[in-house]
Amino acid sequence: MKKGLLISLILSLSFLLLYCSQEQTAKKEVLAKINDYVLTLKEFEDQLTAELELDKDFKLTKKAKQEFLDQIIQKELLIQEAQKLKIDRKKKFIMTIERYWESTLIRDLMEFKGNEFSQRTYVLQEEIENRYNEMKKFDDELPPFEKIQGKIAEKLKEEKKRKNLKEWVDSLRKNATIDINDEFLHKN
């Protein structure tokens, strides 16, 4: 008895959740349906806005909007076909995605740490003057100090930031536990 009640309760909740999710999708303005894929107006506008931000030369006209939608439809059809053929589950595809994910993650981390170091990095006026005097030794036609001190300061700050980043990366390795099996490494 209790088991039957539990099963009917679970089924009722499942139907309720399914009904609510379908109702929410119905409330969204569906721009296009490509097989089982639903493209809402908001998703389309978000993608269009992102495209406009990336491509400053993109001129939004009715025709361009239609062509953009056609590109999304074509892309979705190709994705669906690739998934139907299970290409998205092949080792080569997965490895490519992993490499891209890793590269993007590392790039974002380095950008984050670079910004962090940049905010804490400063250059003394004496450092700028010393660099200018060093440059002057090798270039008699160097512009006056006042004209290039800003560029020198930027270059020195960038050098310090890169040095700090390298030291940080080195400290990660130094503080990590790394065991390498040389026998396997040098095995023919």
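The values are calculated or read from the model by the stated rules, or taken from the named source; none is laboratory data. It should be emphasised that the depicted structure is a prediction, and the values quoted were computed from it without experimental measurement. We place every Cβ from the backbone using ideal geometry, glycine too, and count neighbours over all the protein chains shown.
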Inset, instruction - Using the structure shown, decide if Glu146 is of a type outside the set (A, V, I, L, M), exposed (fewer than 10 other Cβ atoms within 10 Å of the Cβ) and free of Cβ contacts under 8 Å to residues at least 60 places away in the same chain. - result: yes
Legend entry - Verdict on Glu159 being out of contact with any helix residue (DSSP H, G or I) (no Cβ under 6 Å at 6 or more places or on another chain), acidic (Asp, Glu) and surrounded by 12 or more Cβ atoms within 10 Å (Cβ to Cβ): yes
Inset, instruction - Go through the range 121-145 and give me each residue that's in a helix (DSSP H, G or I) and of a type outside the set (Lys, Arg). - result: Gln125, Glu126, Glu127, Ile128, Glu129, Asn130, Tyr132, Asn133, Glu134, Met135, Phe138, Phe145
Inset, instruction - Please find, within the range 146-188, the residue that is farthest from the chain's Cα centre (by Cα) out of those that are among the aliphatic types (A, V, I, L, M), at pLDDT below 95 and not in a helix (DSSP H, G or I). - result: Ile180
Legend entry - One residue from Leu31, Leu48, Leu77, Leu39 being touching a helix residue (DSSP H, G or I) at 6+ places or on another chain (Cβ under 7 Å), assigned to a helix (DSSP H, G or I) and closer than 29 Å to Asp88 by Cβ: Leu48
